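Asker: Dropping the structure in here first, questions after.
The values are calculated or read from the model by the stated rules, or taken from the named source; none is laboratory data. Just so it is clear, the model here is predicted, and its values are computed rather than measured. Cβ placement follows ideal geometry from the backbone for every residue including glycine, while neighbour counts extend to all protein chains displayed. Areas reflect the complete protein model, heavy atoms only, side chains present, ligands, DNA and RNA absent. Shrake-Rupley method; radii C 1.70, N 1.55, O 1.52, S 1.80 Å.
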Protein chains: 2
Amino acid sequence: MKTTFGEYIRLLRNENELTLTQLAAKLNLDSANLSKIENGKRDFDEKRLPKLAKIFKLDLTELRNEYVTDQIGKQIYETNCTKQLLQVAEEKAEYRRTLKEKVI
Amino acid sequence: MKTTFGEYIRLLRNENELTLTQLAAKLNLDSANLSKIENGKRDFDEKRLPKLAKIFKLDLTELRNEYVTDQIGKQIYETNCTKQLLQVAEEKAEYRRTLKEKVI
DNA sequence: ATATATTTGTCAAAAAATGACAAGTCTTAT
DNA sequence: ATAAGACTTGTCATTTTTTGACAAATATAT
């Protein structure tokens, strides 16, 4: 999946032939705001992932992975983080994991 | 640099034999809050990077890289993003870059 | 014990994200 | 042409999150 999360939602929505209004209702969301989400002008609220998974019968874990990779991808993009720096970031994440262990 | 940004600041501060209060003053910051930053309980505000670079005579670009990798590393850690997923995230960042080009 | 350094908790203010609604465009059908 | 439905955009109040500030507690050294 090499799209944004918003585009992904739109894809799902079109595949299932739902209008913005219809899907928005299922998600307890304003259709105008769903439009913004699909167009990348707002973020999808993580709290709605379970609902989204249910609507389209998706595996929640996989959907959350789509979401997480979108979020991190967005940050990588916005911060102009190069692959080299991303490697460093990964090492720092690793380091944080070791910190956590120490607390235990 | 495989530490958190907060630890890095503490390192710099100790190397230069400054107290929390002294460094906080230079950063226009409350010493209590600087303490929290060093201990990872708050984030360092990006707006203060130039000041921080100046105080310790660091290259701002490199410092910003330290900051960015810390931020992304934190997100990787918090979202339990595996290396495999991080690869996907990188591809999505790439994809966003292609989107940007299209707009031009 | 005193003084200094650091940590922790709390809370108001500032900033950012979200919900809601109005008004706009665009397309399609009649 | 216009009416209806689908989508987009702008705005603004509300909510949530982050930050600044201060007080008080703990720790460290003299």
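Asker: What pairs in A:Lys26/A:Lys100; A:Lys57/B:Lys41; A:Lys41/B:Lys57; A:Lys51/A:Lys74; A:Lys92/B:Lys47; A:Lys57/B:Lys92 have C-alpha atoms more than 32 Å from each other? The partial results should precede the final answer.
Answerer: Details: A:Lys26/A:Lys100 39 Å; A:Lys57/B:Lys41 38 Å; A:Lys41/B:Lys57 38 Å; A:Lys51/A:Lys74 23 Å; A:Lys92/B:Lys47 22 Å; A:Lys57/B:Lys92 24 Å.
Where the Cα-Cα span goes over 32 Å, the pairs concerned are A:Lys26/A:Lys100; A:Lys57/B:Lys41; A:Lys41/B:Lys57.
Asker: Separate question: Could you please state how large a percent of the accessible area of chain A is carbon and sulfur, counting protein chains only and using a 1.4 Å probe?
Answerer: Details: 3010 of 6290 Å².
Taking all protein chains in place, chain A shows 48 percent carbon and sulfur surface.
Asker: Taking θ as phi - 60°, what are the ³J(HN,Hα) couplings along region B:4-17 by the Karplus curve (6.51, -1.76, 1.60), each to the nearest whole Hz, with x for Gly and Pro?
Answerer: 6, 5, x, 5, 5, 4, 4, 4, 4, 4, 5, 4, 9, 6
Asker: Starting from a label point 7 Å past Cα on the Cβ side, list the distances from A:Arg97 to the same position in the other copies, nm, shortest first.
Answerer: A:Arg97 label point versus its equivalents elsewhere: 2.6 nm.
Asker: Also, I was wondering about something else. Using only the alpha-carbon atoms of the protein assembly as shown, report the extent along each of the three principal axes, biggest first, to the nearest angstrom.
Answerer: So the three principal-axis extents are 65, 47, 30 Å.
Asker: Note the distances from B:Leu12 to each other copy's matching label point, with points 7 Å along the Cα-to-beta-carbon direction, in nm, sorted shortest first.
Answerer: The projected label point of B:Leu12 is separated from its counterparts by 4.2 nm.
Asker: Please compute the per residue accessible area over region B:47-104 with all protein chains in place, 1.4 Å probe, rounded to a whole number of Å². Don't jump to the answer; show the numbers that get you there.
Answerer: Details: 3600 Å² over 58 residues.
So region B:47-104 comes to 62 Å² accessible per residue, rounded to a whole number.
Asker: Given a 1.4 Å probe and no ligands, DNA or RNA in the count, how much accessible surface is buried by B and A, both sides, to the nearest 100 Å²?
Answerer: Working: alone 7950 and 7940 Å², together 12580 Å².
Using a 1.4 Å probe on protein heavy atoms, the buried area is about 3300 Å².
Asker: Of the listed peptides A:59-65, B:4-10, what is their order by residue-averaged count of other C-beta atoms within 10 Å, with the highest listed first?
Answerer: Values: A:59-65: 13.7, B:4-10: 20.4.
Packing order, densest peptide first, comes out as B:4-10, A:59-65.
Asker: Using a cut-off of 13 Å between alpha-carbon atoms, which aspartates and glutamates can reach A:Lys83, once sequence neighbours fewer than 8 places away in the same chain are excluded?
Answerer: Those aspartates and glutamates meeting the cut-off are A:Glu91, B:Glu90, B:Glu91, B:Glu94.
Asker: Report, as an integer, the average count of C-beta atoms from other chains found within 10 Å of each Cβ along B:60-73.
Answerer: Working: counts 0, 0, 0, 0, 2, 8, 3, 1, 11, 12, 6, 5, 12, 10.
Partner-chain Cβ atoms within 10 Å, mean over residues of B:60-73: 5.
Asker: Separate question: Please list, in order along region A:92-100, the HN-Hα scalar couplings obtained from phi with the Karplus expression 6.51 cos²θ - 1.76 cosθ + 1.60 (θ = phi - 60°), rounded to whole Hz, x for Gly and Pro.
Answerer: For region A:92-100, the Karplus curve yields 6, 4, 4, 4, 4, 5, 5, 4, 4 Hz.
Asker: Separate question: With an 8 Å cut-off on Cα pairs and a minimum separation of 6 or more residues, tell me the relative contact order of chain A in percent.
Answerer: Numbers: 52 pairs, mean separation 22.8, N = 104.
Result for chain A is 22 percent.
Asker: Residue by residue through A:79-86, how many Cβ atoms from other chains fall within 10 Å of the Cβ on average?
Answerer: The per-residue average across the peptide is 5.
Asker: List the distances, in nm to one decimal, from the label point of B:Ala25 to the label points of the same position in every other copy, shortest first, placing each label point 7 Å from Cα along the Cα-to-Cβ direction.
Answerer: 6.5
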